[in-house]
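This report concerns only the one structure given below.
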Amino acid sequence: MEKEYNYSEIQKKWQKYWEENNFYRAEDFSEKPKYYIMVMYPYPSGSGLHVGHCRNYIPADVVARYKRMKGFNVLNPIGYDAFGLPTENYAIEKGIPPQEITKKNIEIFRQQLKNLGISYDWTREINTSSPEYYKWTEWFFLLLYKRGLAYKDYSAQWWCPHCKTVLANEQLINGKCWRCDTPVVKKRLAEWFFKITEYADALEKDLETIDWPEKIKSMQKNWIGKSKGTEINFKAATADGTEYDIPVFTTRIDTIFGVTFLVVAPEHSLAKTLTTEENREKVLEYIKKAESEKEIDRLSTEKEKTGIFTGSYAMNPLNNEKVPILVGDYVVGTYGTGAVMSVPAHDQRDFVFAKKYKLPIRQVISPDGKEHELTEAYTEDGILINSGAFSTLKSNEAREKLATHIEKNHLGKSVTRSHIRDWLISRQRYWGAPIPVIHCEKHGIVPVPEENLPVLLPDEVDFTPRNTGESPLANDLDFVNTTCPICGGPAKRETDTQDGFACSSWYYLRYVDPHNDKAPFDRKKSDYWLPVDLYIGGAEHAVMHLLYSRFYAKVMYDAGLIGFNEPFKKLLNQGMILGIDHQKMSKSKGNVVNPDDVIKQYGADTLRMYILFMGPFDQDAIWSVETINGTHRFIKKLWTLFTSAIEEKKTEKVTLRKEKEINVIQDKMIQKITDQLENYKFNTTISSFMEWLNFLNKSAREIPDIIKTDAFTETMETFIKMLAPIAPHMADELWSRLDHKESVHLEQWPQATGIYKEEKVSIVLEVNGKVRDTIEIGKDTDEQTVKEIASNREKIKKMTSEGTILKIIYVKNKLLNIVLKK
RNA sequence: GCCGAAGUGGCGGAAUUGGCAGACGCGGCGGACUCAAAAUCCGCAGGGGUUCAGAGCCCCGUGAGGGUUCAACUCCCUCCUUCGGCACCA
């Protein structure tokens, strides 16, 4: 038998063995309890997998393998988020169809994943860009459409001039495109939306029911942004005497008597109507300028607030006071009603604005009921003043009374507003799932009948994006021209494609039934496997993928398609791996590490172990060649000790007193490592293995015969079993060298017997809270005995003689603290 | 500005959740093997003091300052720094 640690041979041998014996197939409807673990699937980019991906996939594989040994029927699938811009852009650049590029990239990714020794069920692999998959992405679009949750709207949208497509709200980062960092501009287009706002309440409320990182939950909560307030109606009249309603939304109805003007957004539908003749020219110019501004500038809080008087006035429904109406760019058109009541005394933005345009400021809330000179807005609650019948009330009381008063007199209503907007899903690009609708002159928008799905992406088309706001699919007349499913008359296909997040919103469902051609998935299979027990992925998807997926699940639940309304029971975020330059890994910085290179140099088991060891799983970590050497050293030491022990134990059998200790440490380690794995503390798990090996090595050095004992053999077996999820190749190799016929991966996870707890314990002896001595005594020794032993220790005796004992604290099996008065 | 997370040796990081701070690893130093180096193995190591030297003993020490407690990295208050998210949301 070979003595050298030849990891390439070992890897090859066992990967082949697992594959040939269908080791990691998940069995539908097995008797065992199910465990569905899933990682965020990769985008198969041209640059291949890098070690950053490993930070997610390796720990997830450890959990999958661990759970199998614990007796679970584990579903551990993988697939590819294959539609998307980078592939399409590359295709345009090189003149190769994206289908071909995707196929090639997936092959590379698949091989790289296999090299890592990850235990995926490869029979369930999915590819969102295959017609078998996107047929159902289209089907889900129709489901939403039928349920009134998909609609087309003509409005100003964010357009990325670089990607040449519109973007959803969530895909805007500080006014820039999430993919290419280009500042977005406004463009008026007819676009498809999903009504995620309809589920705002449920999406917020159900966050309480899922075990997700607080960080993600609070990000989603903020994103949904619920706020309770009052919508109150101001009446305005134009020069010709026509009356208009201007509803405004406020969370501070208690400040209503302090309103001194109204501001409407430049996009407000009445902005132009309300402008009087003499102001018309200036106001129109102002509106035009505001609308043409880039979103990034408009959003800037540093920007000075500007506005312009329309010439019209509105009436405060509570005191019938006439206040001027202005147009101002600090009012957001898409939030609330697009109009605000301005209370400069109690809102800092209104205050600044009023100062600038010399508008009146009236204090109506005071901390002490008296009026004060204001140098800035007083935004706290207080006592109402100058507020008619409501004066002298406290803010919170006033809010209640005013709300009742307003509802009773039909001046407005109490409402809950959300920050979240509907999800814009149409994209003016080629490489995505088609939107399955047809535009008929007679019948308008007609959904493609289900039996005609999928609407296939045409193969040969000039997919260069255009600046017109039209998809490149519009170039392909064979694709565009069709007939109306209702009347058979000439009609045109929708040419926009769906946002890639539509594909990823339901992919977890496809894994449970990946080859079904009658339905997206079988209900019985989804009932068996779902929801996902553990989902691991990056935090960057907090308000995109993770919110959309929850939305889809809720829609499906309401449609009776599934029996759960939250797809991912538990979520974990892995940290990033940064390059040796402490920067995010990227091709352009040249700091990317390819796992294949690491595997070549150290083997997959070392890479796996290093990824786990580099730091807490959920924190960022920096790639370090020195540390990977350390883990490799450990693996080699392990190999050397165990292979020589396997050889030695064949020579003779020995029994030694030291065996007891070997057993005790083994038991302790089983307990410790199991706890650590259960809590996803992979880094300390590796530390424990190192400690354990250090102990075994030291024992073998002190008593060389120890490796010939039964206890040592048993410990090796336990060690290897527990190491199997982490270093699966080496574990199987050593296991077979211990003369086992079956793979170690079919073994049960070891269980601690608790013998380590019956041992002696060391008690810390403290004087005035400082450690002075330690003693070894039997477990659960009573206080009196410990006190006696302690008082006979030289050091303690000396110290206690120098003062009087105030009190003695005894914590069983832990410590004794003597408090002295000096 | 608001919300969230985090500050521990030269470095990555441990600490059973209030009970021996610095596990494990990296780097470092000393030694063994070697002609030599690499690899490997053994040992030392938070800072300071005391001591001829070692053992020993003492003091200080988990971002800063205060507090609770017999006992604080851990709990409470104030502040500082770093990172992440949101940001004219009325």
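The values are calculated or read from the model by the stated rules, or taken from the named source; none is laboratory data. Predicted model, so just to flag it, every value in this text is computed and none were measured. Note: ideal-geometry Cβ built from the backbone for every residue, glycine included; neighbour counts use all protein chains shown.
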- Item | Pair list, Cβ < 7 Å and 6+ apart or interchain, from the range A:6-33 residues that are more than 14 Å from A:HIS729 (Cα to Cα) to residues that are of a type in the set (Ser, Thr, Tyr) and in a loop (DSSP other than H, G, I, E, B) | A:TYR24/A:SER119; A:TYR24/A:TYR120
- Query: So which helices (runs of 4 or more DSSP H) stay within the range A:680-797 end to end and still have 3 or more residues that are within 16 Å of RNA strand B (Cβ to nearest atom) and more than 30 Å from A:LYS3 (Cα to Cα)?
  - Reply: A:783-791
- Query: Are any residues in the range A:128-149 of a type in the set (S, T, N, Q) and surrounded by 20 or more Cβ atoms within 10 Å (Cβ to Cβ), and if so, which ones?
  - Reply: A:THR128, A:SER129, A:THR137
- Quick one: in the range A:618-641, of everything that is more than 15 Å from A:VAL598 (Cα to Cα) and aromatic (Phe, Trp, Tyr), which residue is nearest to RNA strand B (Cβ to nearest atom)? A:PHE634
- Going through the range A:245-280 one residue at a time, which ones are of a type outside the set (Val, Ile, Thr), farther than 18 Å from A:GLY328 by Cβ and surrounded by fewer than 16 Cβ atoms within 10 Å (Cβ to Cβ)? A:ASP245, A:GLU277, A:GLU278
- Among strands (runs of 3 or more DSSP E) entirely inside the range A:306-392, those with 1 or more residues being at positive phi are A:307-315
- Query: When you go through A:LEU384, A:LEU326, A:LEU359 one by one, which is the residue that is surrounded by fewer than 21 Cβ atoms within 10 Å (Cβ to Cβ) and of a type in the set (A, V, I, L, M)?
  - Reply: A:LEU359
- List every residue pair whose Cβ atoms sit under 9 Å apart, with the two residues 6 or more apart in sequence or on different chains, where the first one lies in the range A:615-639 and is outside the structural domain of A:ASN694 (by TED's automatic domain parsing) and the second, anywhere, is β-branched (Val, Ile, Thr) and at pLDDT 95 or above. none
- Of A:ASP121, A:ASP153, the only residue that is surrounded by fewer than 20 Cβ atoms within 10 Å (Cβ to Cβ) and touching a residue at least 12 places away in the same chain (Cβ under 8 Å) is A:ASP153
- Item | Where a residue in the range A:697-720 is in contact (Cβ under 8 Å) with a residue 60 or more places away in the chain and its partner, wherever it lies, is of a type in the set (Phe, Trp, Tyr), with Cβ under 6 Å and at least six apart | A:MET716/A:PHE642; A:ILE720/A:TRP735
- Only unsatisfied item for A:GLU31, checking (1) out of contact with any Phe, Trp or Tyr (no Cβ under 8 Å at 6 or more places or on another chain); (2) part of a helix (DSSP H, G or I), is (2)
- From the set of residues in the range A:179-237 that are polar (S, T, N, Q) and within 16 Å of RNA strand B (Cβ to nearest atom), which is farthest from the chain's Cα centre (by Cα)? A:ASN233
